[in-house]
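Since every read-out is calculated from the coordinates, none of them should be taken as a lab result. None of the values given here were measured: they were computed from a predicted structure. Positions of Cβ are backbone-derived with ideal geometry, glycine not excepted, and every protein chain shown enters the neighbour counts.
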Amino acid sequence: MSLPTSAEVVVVGAGPVGMTAALGLHKHACPDVVVLDGQLTGENTSRALAVHAATLDTLADLDVADRVVGSGRKLSTTTVWTKGQPPISTTYFPPLGKYTKYPFILGIAQHVTEQILHDACSERGIHIHRPHKVVDLKPSDDPAFTDVILDNGHVIRTRCVVAANGSRTIIRQLCNVGWSDPTGELKSVSPNDEAEAANMVVADVTFKSPPPLKPDAINLVHTSSNALMCIYFPGDPYPDAVPSGTPVYRIATGVPRELGAPPSAPGTDYLQPLLDRYGPHVTVWSSRFRTHSAIADRFFAHVGETAGTGPVCFLGDAAHVHPPMGGQGMNLGIRDAAKLAPVLAEYVAAARAGTASQTALEAWAAQRRKRALEVINFVKDLQRRLWLSTDTKYVLGLIPYNPAWVQMSVLRVLSSFEWFQTKAAYTVSGLADS
Ligand SMILES: Cc1cc2nc3c(=O)[nH]c(=O)nc-3n(C[C@H](O)[C@H](O)[C@H](O)COP(=O)(O)OP(=O)(O)OC[C@H]3O[C@@H](n4cnc5c(N)ncnc54)[C@H](O)[C@@H]3O)c2cc1C
């Protein structure tokens, strides 16, 4: 399909968030939406494994939730262990049935979710133009419009730009939008912990002798100044690399300081010493990441601050990033997009009628930024708790105590109350964002 020269809305980026924005705009009858992506094909890495209840509610409004649920595994508990001891705490998701049709965390690889969103776009006639990279935005001669400039020199004149092109988007820079960690880099309880929390690795692996873990649980194992997450992967996520029926696990763990920065795609030799308590494994996919958070200082802007040019909305990783603990990034982005769609569709309809006001878009941006800050704080708090030191500390230099033991003991007691478990499940599920 040839590239148009004008559009009411240009969605830049066809990751999960951009595709959700396109589906939402289609549902709200927004005419003339163009979706662009700089890559020839979609991402093939598994990245986001958890889809939460609030996101499934959102996807249900777009008529894609059933397909997503049918392709994933329902995870009904999160269990925290310490090495060699019975579980400290278990969070049960079924009680969330009071608030949602989806009282579980859905385990599904991001590339499978993206394929389902892609299929839904195709069925609705939403074409993704690839590979077309946006390299610049300029105010158009008509001040209500923006010119979107592609790497081949093609120009699309549009009323509104949706920046859903990931954390490295150039559009923030083009709109003079700042990007920083809202609370500074994570400072943990000791220099040693800080280093462990600053580098992490995530990998999809098979075990030569599978660990004795429940397949429908997210398992968090707390060890000395570190933590290991292990989830049994749904389906056959790597049909080309792993024989059908072989269990694949997603693992994520901190990297001890003495190992320095991990390689960008750590192999089995690197990961094995970190996983020795579970036995030999084979790495199928892996990545390292810094436990870094950042947020755009505005989710709504104009090109170069020029008064009168069309609006630019930032969503997904283009607006906020944080560590994968708690599995919030893609979830939050999908909900940003779904919440933007009716507001933007209404703006476009009003603009076509010559009565546009940007107030509702500004309100959307303020509300989503507030929510993103809450999620960043939640993830940082989770991270701090997981990497609490097991070294002995002293009150007044005299009375010894072990911070991790104290915290785990408090958690064990609190977890015996149903209200605490339900509150924990509710927080992770994002239902407060519905
Ligand atoms: C290891 C790991 C584990 C994770 N686990 C979870 C999890 O369990 N749960 C969760 O919710 N999140 C998780 N995340 C985060 C999640 O992967 C991201 O939040 C999600 O991919 C963001 O989607 P997006 O559509 O905003 O951006 P992206 O997925 O980055 O997509 C952006 C798209 O924009 C395109 N693009 C970029 N620049 C341009 C341009 N100039 N012009 C045109 N197109 C462009 C790219 O080609 C890409 O297709 C994880 C991330 C990592 C790295």
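Do the sum for the chain: with -39,500 (n - 2.57) for every DSSP H run of n ≥ 4, divided by all residues, what is the mean residue ellipticity at 222 nm, to the nearest 500 deg cm²/dmol?
Rounded to the nearest 500, it is -9500 deg cm²/dmol.
What pairs in Lys370/Lys423; Lys74/Lys101; Lys98/Lys380; Lys74/Lys380; Lys27/Lys138; Lys27/Lys133 have C-alpha atoms more than 23 Å from each other?
Lys98/Lys380; Lys74/Lys380; Lys27/Lys138; Lys27/Lys133
Given Pro87, Leu62, Gly107, which one lies farthest toward the positive end of the charge dipole of the range 54-178, if we put +1 on the Cβ of every Lys and Arg and -1 on the Cβ of every Asp and Glu?
Value computed over the given set: Pro87.
Please go through the range 340-434 and write out the chymotrypsin sites (Phe, Trp or Tyr not before Pro) that DSSP classes as loop and that have at most 16 other C-beta atoms within 10 Å.
Phe417
Once you charge only the Cβ atoms, +1 for Lys and Arg and -1 for Asp and Glu, what is the size of the charge dipole of the range 1-125 about its Cα centre, to the nearest 20 debye?
Dipole size: approximately 700 debye.
So what is the relative contact order for the chain, in percent, with contacts set as C-alpha pairs under 8 Å and at least six apart?
Normalised by residue count, the contact order of the chain is 22 percent.
What is the Rg over Rh value, at two decimals, for the chain, using alpha-carbon atoms and the Kirkwood definition of Rh? Mind showing how you got there, number by number?
Numbers: Rg = 22.6 Å, Rh = 22.8 Å.
Ratio of gyration radius to Kirkwood radius for the chain: 0.99.
Taking only the alpha-carbon atoms of the range 56-127, what semi-axes of the equivalent ellipsoid follow from 5 times the gyration tensor eigenvalues under a square root, in whole Å, largest first?
Over the Cα atoms of the range 56-127, the ellipsoid semi-axes are 32, 15, 7 Å.
With a cut-off of 20 Å, note down the residues of the range 49-88 whose backbone N falls inside the zone around a label point 7 Å from the Cα of Val413 toward its beta carbon.
80-82, 86-88, by backbone N distance to the label point.
For the charge dipole of the chain, defined by +1 on Lys and Arg C-beta atoms and -1 on Asp and Glu C-beta atoms about the Cα centroid, which residue among Ala318, Ala363, Ala227 has the Cα displaced farthest towards the positive pole?
After comparing all options, I get Ala227.
Compute a Gaussian network model of the chain, connecting alpha carbons closer than 10 Å, and tell me which residue from Asn165, Asn219, Asn402 fluctuates the most.
Maximum among the listed residues: Asn402.
Treat each spin label as a single point 7 Å out from the Cα along the C-beta direction, and report the Tyr401 to Arg385 distance in nm.
About 1.8 nm separates the two model spin labels.
Obtain the nm distance between the two label points defined at Arg352 and Arg130 by a simple spin-label model: each point lies 7 Å from its Cα along the Cα-to-C-beta direction.
About 2.9 nm, to one decimal.
For the chain, list the DSSP H helices whose alpha carbon atoms reach 30 Å or more along the long axis and whose average Kyte-Doolittle value is 0.0 or above?
Qualifying helices: 329-352.
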